[in-house]
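Chemist: Okay, handing you the structure first.
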Amino acid sequence: VVVDTDGDGVPDDVDACPESDLRPTVFIRDINTGIPNLIDGQPVNADGCSLADLVAAVIDDASSNARNHGDFLRLVARGLNELQREELLPRRLFGHCQACAAHCRWEIRYRRVQQRHANFHPGRHNR
């Protein structure tokens, strides 16, 4: 029995994104970019990932590793550039994705905030 949880046509046992975001347009967090959620005219690539899945992975990675909003945008640009090099994101859509990312919320992982508070010592020079 072949199982395809997300209904994208790629069996779960070979699907890199078994819960694909198959909405018609790409969302960056809660912002609808209006960009069609298609790769070469198809809802998913051969690995079973939609463009929305790939962009979300870029955003999540940038959010997890950014120290501030500027760093977040730099990391997003790096990830989007990689998608372009792999011909998964058309060049004409890069700027629009980057602009939407600039307006979305980015979060530092909770543990980093916790760590910063744990390392704070009143009366000492804190970085």
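Chemist: Starting at the first residue of the stretch 78-84, write each ³J(HN,Hα) from the Karplus equation 6.51 cos²θ - 1.76 cosθ + 1.60 with θ = phi - 60°, in whole Hz, x for Gly and Pro.
Modeler: Per residue, the Karplus-derived 3J(HN,Hα) values read 4, x, 5, 4, 5, 4, 5 Hz.
Chemist: Sum up the charges of everything whose Cβ sits under 13 Å from the Cβ of GLN98, counting Lys and Arg as +1 and Asp and Glu as -1, but leave GLN98 out.
Modeler: It works out to a net charge of +4.
Chemist: Next up: Report the extension gain between ASN65 and HIS96 in nm, rounded to one decimal, defined as 0.36 nm multiplied by the number of residues separating them, less their alpha carbon distance.
Modeler: Here the answer is 9.0 nm.
Chemist: OK, next. Show me the three semi-axes of the equivalent ellipsoid for the stretch 1-88, from the C-alpha gyration tensor (sqrt of 5 times each eigenvalue), largest first, rounded to whole Å.
Modeler: Its equivalent ellipsoid spans semi-axes of 25, 13, 12 Å.
Chemist: Compute the relative contact order of the stretch 15-54 as a whole-number percentage, counting only Cα pairs closer than 8 Å that sit 6 or more residues apart in sequence.
Modeler: Taking the mean separation of contacting Cα pairs over the length of the stretch 15-54, I get 46 percent.
Chemist: Taking H as built 1.01 Å from N, whose amide H comes closer than 5 Å to the amide H of ILE35, not counting residues under 5 places away?
Modeler: Distant-sequence amide H within range of ILE35: VAL26.
Just so you know, all these numbers are worked out from the coordinates, no wet-lab data involved. The model shown is predicted, which means the values in this text are computed figures rather than measured ones. Cβ atoms come from the backbone with ideal geometry, glycine included; neighbour counts cover every protein chain shown.
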